[in-house]
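S.K.: Attaching a single structure in structure tokens format; questions to follow.
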Amino acid sequence: MFYREAGQFKTSYAADQAIFPILQDRLFVIAVLAVAYLVIPFISTPYFLVTIMIPSLIFCIAALGLNVLTGYAGQLSLGTGGFMAVGAYATFKMTTMFPELNIVIVFLLSGVFAAAVGVLFGLPSLRIKGFYLAVATLAAQFFLIWLFNRVGWFSNYDPSGTISMPPRDVFGIRVVGSGAAPEVRYLMVLTLVVVFCLLVKNLVRSRMGRTWMAVRDMDIAAEIIGIRLMWAKLSAFAISSYLCGVAGGLYFAVYLRTVETIAFDVVLSFVVLFMIIVGGLGSVLGSILGAFFITAIPVILTRAPHDLGIPISVDMAQHLEVIIFGSLIIFFLIVEPHGLARLWQIAKEKLRRWPFPY
Amino acid sequence: MQVLFDFLIGPFFQIFEAPIFFVEVVIGGMAAGIMYALVAIGFAVIFKASGIVNFAQGAMVLFAGLTLVGFLQMGAPLWLALIATVVVMVALAYAVERVVLGPLVNQPLIVLFMATIGLSFVIEGFGELAWGSDVHRLDVGLPRGSFFVGDIMIDRFHLVAAGSAGALVVAIVLFMQYTKFGRALRAVADDHQAALSVGIPLRMIWVITWSIAGVIALVAGVMWGTQAGIQFSLVLIAFKALPVLILGGFNSITGAIVAGLIIGVGETVFEVYWGQMMGGATENWFAYVVAMIFLFFRPQGLFGERIIERV
Amino acid sequence: MRAPATEAANATETGKTVLSAENISLTFGGLKALRDVSFDVKKGEIRAIIGPNGAGKTSMLNCINGFYHPQEGTITFKGVARRRARPDRIARQGIARTFQNVALFKGMSTLDNIMTGRLTKMHTNFLLQAIYWGPNQREEIAHREVCERIIDFLEIEHIRNTPVGRLPYGLQKRVELARALAMEPDLLLLDEPMAGMNLEEKQDMCRFILDTNHQLGTTIVLIEHDMGVVMDLSDRVAVLDYGNLIADGRPDDVQSDQRVIDAYLGVSHQ
Ligand SMILES: Nc1ncnc2c1ncn2[C@@H]1O[C@H](COP(=O)(O)OP(=O)(O)OP(=O)(O)O)[C@@H](O)[C@H]1O
Ligand SMILES: [Mg+2]
């Protein structure tokens with residue numbers, strides 16, 4: 001009833017190709033943004049911002065990155081944690097070497113390093129695919145973590161290899177490091193997420209996105225219609241790792257603030273992979289939904305029993321979390337391979353037909 | 001210059017100066033390699049029958065080990081605990097077939113691979129939920145200690161590990177060649193559709209292969225557990241079977257063993273002679289990087305044949 | 001950049017050889033898929049390749065568009081000889097094709113599939129694409145218009161936004177042709193475009209092939225098992241059997257060639 005595109009005729013290809021062709025969708029997105037910018041920072045507790053919103057938003061960028069590579073270009077990667085670590089250490093090195101450099105620029109630049117490393121570790125994708133590639137990307141994961149852990153230069157020779165984010169201001173406002181208000185951190189990350197979502201959405205509905213999807217769906221046919229597989233795959237690796245790198249920088253500087261390399265181990269790679277499977281492979285919306293969903297589970301799992309008065313040990317909660325993650329993956333792969341994003345679409349379809357069942 | 005020397009020439013000097021030590025290092029590497037091979041064989045069995053790369057094989061090793069330790073701690077005698085664990089592994093195989101593989105039967109293999117990643121988490125979570133996540137000591141009375149052959153020290157336990165790997169391979173080969181199920185299994189591996197059309201129950205085959213993989217996981221769990229205790233890191237160690245498989249080619253059990261040895265020896269020698277210069281712990285990545293570089297030049301693996309795709 | 005003048009000149013020079021394959025031999029392990037096959041295609045014609053199953057027809061097309069690399073022989077396209085070239089290069093030189101088993105991009109809509117045919121002709125860089133608005137949008141619209149014309153031409157307006165995986169087989173083949181046409185090729189290779197179609201669909205497809213040839217002036221190489229279709233459509237027919245070229249000429253001559261008759265009869269008795 002309320003969600004109808006009836007009567008909204010497109011009179012030009014430009015209107016038909018718009019990012020949200022349907023009026024209700026446009027209104028909905030505007031409403032979400034308004035809530036995110038104008039309501040959430042003022043009504044939520046710092047706890048909620050710090051444990052749910054900030055990590056979820058950071059994972060949105062990482063998930064977006066992996067989705068470009070795996071969901072759009074069809075190259076399965078298990079190296080996300082490694083690429084995020086590159087971003088984190090690049091952020092740390094740059095900001096300690098050039099303390100004057102605007103920290104937002106530092107974040108954006110650290111993605112460039114991750115992109116370069118991503119391209120390097122993406123080279124095997126020119127020869128191998130599928131599961132073989134997944135194993136090759138594990139090389140990135142394990143080698144990079146080892147590198148940051150063992151080579152003192154990366155952590156400015158901290159004996160335990162730990163890096164800590166020094167405080168940084170932008171326009172006189174403390175945005176990272178001790179003393180940065182959760183609201184400010186939240187708004188900064190939110191803005192980056194909005195920008196990157198928009199850019200990626202634009203990319204995937206342009207030539208680049210079609211190139212990636214062609215390679216994903218059938219690489220032989222893609223080559224025969226003139227796509228250079230090498231460019232298609234390496235560009236996917238570059239852009240994907242760029243986003244993962246930026247996410248890694250934020251994960252370190254804005255969320256954890258003090259990290260050891262272990263924070264970026266292979267489990268992180270799986271967590272981000274789970275986000276895009278649950279959220280929806282090959283969907284920008286799916287990356288967002290998945291990131292929020294998977295980030296929220298552990299928090300809910302540790303809070304809910306407590307709130308309900310069921311005693312549950314930390315260990316138990318952790319094991320349950322692992323089981324739930326695993327089951328969710330299997331569940332979604334079997335029942336809804338297109339993830340939450342698809343469920344959302346189905347819900348919209350229903351809404352459109354309402355009150356009729358078909 | 002000095003760096004180059006240290007890197008390119010120095011280690012070889014060391015090898016020549018202390019050959020006995022070198023041989024011991026190699027033997028240590030082979031022992032590690034057999035351990036990888038034990039896990040890799042589990043992968044290979046499932047791959048051969050279904051084309052699925054079972055990422056959960058490592059979790060199954062942990063699960064089998066934990067279950068065995070759990071039964072032992074409940075006071076069961078060893079033989080009973082072993083049988084009970086095998087029963088649990090078969091039940092697990094059945095459950096996996098029902099819940100995961102069955103519903104995904106016609107999906108692309110990469111989807112099944114991702115599903116086994118999820119499965120890996122589930123199995124691991126259940127194992128630890130049921131038996132706790134501390135490090136468990138496992139002692140099933142395998143011989144420990146060492147003896148000398150000439151100047152070279154040999155660990156009895158390593159011999160046992162090699163022996164069981166060998167026995168396992170022989171058992172699998174015999175099973176494949178001489179039993180009805182084994183033949184059916186090979187038929188399925190050759191051609192799913194054809195196997196189905198002559199009435200081989202595919203689902204049955206899958207339960208059996210996953211059971212075999214479960215038993216192999218138990219053997220690997222016992223070996224690993226005796227050496228290092230049963231703990232979560234087993235899952236990570238088992239990851240290393242993946243590059244081993246890539247080198248060896250997925251459907252070759254001999255390939256798995258040869259590649260396991262290559263990786264085991266390679267990473268140990270590299271760590272001892274080169275790793276120290278680089279800060280140590282290079283075995284964390286050595287296998288993967290070798291596999292990655294190797295794949296770049298020979299995508300079909302060590303023993304695989306190059307296939308030309310068709311359209 | 002090709003000068004428009006030469007393009008115009010080419011168009012008038014029908015009958016000029018655009019593609020010639022000389023002494024092509026291709027083997028897989030021990031199997032000889034093509035033996036010393038020579039073959040040419042003239043501008044503006046419809047050239048058919050026929051032969052029993054496994055004769056090497058698809059392999060021939062695969063050689064032409066660089067997917068297989070013959071062990072011996074040279075292929076010359078638009079006067080340029082090549083030995084080993086990657087398929088994407090050859091596509092950019094102006095050869096498009098469809099496949100015997102539909103090779104569409106299953107996860108994309110009909111329109112997007114056809115738009116992939118335009119990829120080699122789009123040039124905005126990725127930063128402009130990320131911004132979308134401006135040059136990229138103009139380019140998208142320009143190419144969308146081309147694709148819409150092809151959609152009209154092939155009468156598939158109603159399935160424009162349908163994911164191709166959900167289309168019936170006959171329509172999938174048509175979308176595949178649309179994608180190939182979107183590449184605006186000089187030479188179009190069609191591998192059994194009518195296999196598995198009912199009579200009506202076949203008639204439609206024949207019409208599209210003829211229209212493409214007449215209206216767009218596209219040179220076509222066609223593999224087809226239906227003899228009636230081949231006789232109606234093609235200007236010249238090459239016959240392969242066991243990797244050998246056993247006849248080559250006008251449809252009527254080929255049809256009455258004793259070796260061709262034997263080859264077909266031999267197969268049908270097997
Ligand atoms: N990639 C490949 N690897 C191995 N053998 C191949 C390959 N491609 C083709 N062949 C073999 O080459 C021979 C010719 O095959 P091709 O596909 O060219 O036949 P065709 O004439 O197109 O037959 P059909 O009418 O069945 O399509 C066949 O024997 C086939 O098995
Ligand atoms: Mg063919």
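The values are calculated or read from the model by the stated rules, or taken from the named source; none is laboratory data. Keep in mind it's a predicted model, so treat the numbers as computed, not measured. All Cβ positions, even for glycine, are placed from backbone atoms using ideal geometry, and neighbour counts span all protein chains on display.
S.K.: Step by step: first the residues of the stretch A:8-37, then only those that are assigned to a loop (DSSP other than H, G, I, E, B) and of a type in the set (Val, Ile, Thr), then the one that is farthest from A:Leu289 (Cα to Cα). Which residue is that?
M.R.: A:Thr11
S.K.: Could I ask something else about it? Quickly run through the stretch B:255-301 and pick out the residues that are more than 19 Å from B:Ile15 (Cα to Cα) and more than 13 Å from every other protein chain (Cβ to nearest Cβ).
M.R.: Result: B:Gly255, B:Ala256, B:Ile257, B:Val258, B:Gly260, B:Leu261.
S.K.: Tell me which of these A:Met165 doesn't satisfy, since it passes every other one: (1) within 14 Å of chain B (Cβ to nearest Cβ); (2) in contact (Cβ under 8 Å) with a residue 12 or more places away in the chain; (3) touching a Lys or Arg at 6+ places or on another chain (Cβ under 8 Å).
M.R.: Condition not satisfied by A:Met165: (1).
S.K.: Let me ask you something else. Can you pull out every residue in the stretch C:38-54 that is among the small types (Gly, Ala, Ser), within 15 Å of ligand 1 (Cβ to nearest atom) and in contact with a helix residue (DSSP H, G or I) (Cβ under 8 Å, 6 or more places away or on another chain)?
M.R.: C:Ala48, C:Gly51
S.K.: Another question, if that's okay. Quick check on my filter: what residues within the stretch A:38-85 are assigned to a helix (DSSP H, G or I), out of contact with any Cys (no Cβ under 6 Å at 6 or more places or on another chain) and among the β-branched types (Val, Ile, Thr)?
M.R.: A:Val39, A:Ile40, A:Ile43, A:Val50, A:Thr51, A:Ile52, A:Ile54, A:Ile58, A:Ile61, A:Val68, A:Thr70
S.K.: Another question, if that's okay. Please give the strands (runs of 3 or more DSSP E) falling wholly within the stretch C:164-270 in which 1 or more residues are touching a Pro at 6+ places or on another chain (Cβ under 6 Å).
M.R.: Numbers: elements: C:187-191, C:219-223, C:236-241, C:244-249.
Output list reads C:236-241.
S.K.: How many residues, within the stretch C:101-129, are in a helix (DSSP H, G or I), surrounded by fewer than 20 Cβ atoms within 10 Å (Cβ to Cβ) and more than 26 Å from the chain's Cα centre (by Cα)?
M.R.: Total satisfying the criteria: 3.
S.K.: A follow-up question, please. Among residues belonging to the stretch B:122-132 that are facing another protein chain (nearest Cβ under 7 Å) and farther than 14 Å from B:Ala238 by Cβ, point out the one that is modelled with the highest pLDDT.
M.R.: Among them, the one singled out is B:Val122.
S.K.: On the given criteria, is C:Leu26 over 19 Å from the mean Cα position of the chain (by Cα) and crowded, with 21+ Cβ neighbours inside 10 Å?
M.R.: Yes; evaluated as a whole, the condition is true for this residue.
S.K.: Just name the residue that is farthest from the other protein chains (Cβ to nearest Cβ) out of those in the stretch C:154-199 that are more than 30 Å from A:His338 (Cα to Cα), surrounded by fewer than 18 Cβ atoms within 10 Å (Cβ to Cβ) and more than 16 Å from ligand 1 (Cβ to nearest atom).
M.R.: C:Leu199
S.K.: Find all pairs meeting these conditions: Cβ atoms under 7 angstrom apart; at least six residues apart or on different chains; first residue within the stretch C:233-244 and aliphatic (A, V, I, L, M); second residue more than 14 Å from ligand 1 (Cβ to nearest atom) and not in a strand (DSSP E or B).
M.R.: C:Leu233/C:Cys206; C:Leu233/C:Ile209; C:Leu233/C:Leu210; C:Val237/C:Pro251; C:Val237/C:Val254; C:Val239/C:Val254; C:Val239/C:Val260
S.K.: Any idea how many residues of the stretch B:75-110 are out of contact with any helix residue (DSSP H, G or I) (no Cβ under 6 Å at 6 or more places or on another chain) and within 9 Å of chain A (Cβ to nearest Cβ)?
M.R.: Final tally of qualifying residues: 4.
S.K.: Which of (1) within 16 Å of ligand 2 (Cβ to nearest atom); (2) out of contact with any His (no Cβ under 9 Å at 6 or more places or on another chain) is the odd one out, the single condition C:Cys63 does not satisfy?
M.R.: It is condition (2) that C:Cys63 fails.
S.K.: Within the set of pairs 6+ apart or on separate chains, which have a first residue in the stretch C:202-225 that is not assigned by TED's automatic domain parsing to the domain that holds C:Met60, a second that is within 16 Å of ligand 2 (Cβ to nearest atom) and modelled with pLDDT under 90, and C-beta atoms under 6 Å apart?
M.R.: Note: no pairs meet the criteria.
S.K.: Answer yes or no as to whether B:Ala287 is out of contact with any strand residue (DSSP E or B) (no Cβ under 8 Å at 6 or more places or on another chain), buried (at least 19 other Cβ atoms within 10 Å of the Cβ) and either outside any helix (DSSP H, G or I) or modelled with pLDDT of 90 or more (or both).
M.R.: Criteria met by B:Ala287.
S.K.: I'm trying to understand the selection: among the residues of the stretch A:205-234, which are surrounded by fewer than 23 Cβ atoms within 10 Å (Cβ to Cβ) and either more than 7 Å from every other protein chain (Cβ to nearest Cβ) or in a helix (DSSP H, G or I) (or both)?
M.R.: A:Arg205, A:Gly209, A:Asp217, A:Asp219, A:Ile220, A:Leu229, A:Met230, A:Trp231, A:Leu234
S.K.: Return the only residue of C:Thr98, C:Thr110, C:Thr162, C:Thr116 being touching a residue at least 40 places away in the same chain (Cβ under 8 Å), within 16 Å of ligand 2 (Cβ to nearest atom) and not hydrophobic (A, V, I, L, M, F, W, C).
M.R.: Answer to the check: C:Thr98.
S.K.: Ok, one more. Here are some residues: A:Ile312, A:Ile277, A:Ile300, A:Ile323. Which one is among the β-branched types (Val, Ile, Thr) and within 27 Å of A:Lys201 (Cβ to Cβ)?
M.R.: Details: A:Ile312 fails: within 27 Å of A:Lys201 (Cβ to Cβ); A:Ile300 fails: within 27 Å of A:Lys201 (Cβ to Cβ); A:Ile323 fails: within 27 Å of A:Lys201 (Cβ to Cβ).
Criteria check complete, one pass: A:Ile277.
S.K.: Could you look through the stretch C:55-89, keep only residues that are of a type in the set (A, V, I, L, M, F, W, C) and not in a helix (DSSP H, G or I), and pick out the one that is farthest from ligand 1 (Cβ to nearest atom)?
M.R.: The selected residue is C:Val80.
S.K.: Kindly provide the set of residues from the stretch C:98-136 that are among the aliphatic types (A, V, I, L, M), more than 7 Å from chain A (Cβ to nearest Cβ) and farther than 13 Å from A:Arg205 by Cβ, ordered by number.
M.R.: Passing the criteria: C:Val102, C:Leu104, C:Ile114, C:Leu127, C:Leu128.
S.K.: Taking the stretch B:217-233, which residues are more than 14 Å from every other protein chain (Cβ to nearest Cβ) and either in a helix (DSSP H, G or I) or at pLDDT below 80 (or both)?
M.R.: Residues satisfying the conditions are B:Ala217, B:Leu218, B:Val219, B:Ala220, B:Gly221, B:Val222, B:Met223, B:Trp224, B:Gly225, B:Thr226, B:Gln227, B:Ala228.
S.K.: Here's a follow-up. What are the residue pairs meeting all of these: first residue in the stretch C:32-61, first residue closer than 20 Å to C:Gln100 by Cβ, second residue within 11 Å of ligand 2 (Cβ to nearest atom) and of a type in the set (D, E, K, R), Cβ atoms under 8 Å, and 6 or more apart or on different chains?
M.R.: C:Ala48/C:Glu224; C:Ile49/C:Lys57; C:Ile50/C:Lys57; C:Ile50/C:Glu224; C:Gly51/C:Lys57; C:Lys57/C:Asp191; C:Thr58/C:Asp191; C:Leu61/C:Asp191
S.K.: When you check C:Asp211 against the structure, is it of a type in the set (D, E, K, R) and within 16 Å of ligand 2 (Cβ to nearest atom), yes or no?
M.R.: It is false that C:Asp211 is of a type in the set (D, E, K, R) and within 16 Å of ligand 2 (Cβ to nearest atom).
S.K.: Follow-up. Among the residues of the stretch A:289-308, is there at least one that is surrounded by fewer than 16 Cβ atoms within 10 Å (Cβ to Cβ) and under 23 Å from A:Val86 (Cβ atoms)?
M.R.: No: the stretch A:289-308 contains no residue that is surrounded by fewer than 16 Cβ atoms within 10 Å (Cβ to Cβ) and under 23 Å from A:Val86 (Cβ atoms).
Residues checked against (1) β-branched (Val, Ile, Thr); (2) part of a loop (DSSP other than H, G, I, E, B); (3) in contact with a strand residue (DSSP E or B) (Cβ under 8 Å, 6 or more places away or on another chain):
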site: B:Asp134; (1), (2), (3): no, yes, no
site: B:Leu138; (1), (2), (3): no, yes, yes
site: B:Gly141; (1), (2), (3): no, yes, no
site: B:Phe148; (1), (2), (3): no, no, yes
site: B:Ile154; (1), (2), (3): yes, no, yes
site: B:His158; (1), (2), (3): no, no, no
site: B:Ala161; (1), (2), (3): no, no, no
site: B:Ala165; (1), (2), (3): no, no, no
site: B:Leu168; (1), (2), (3): no, no, no
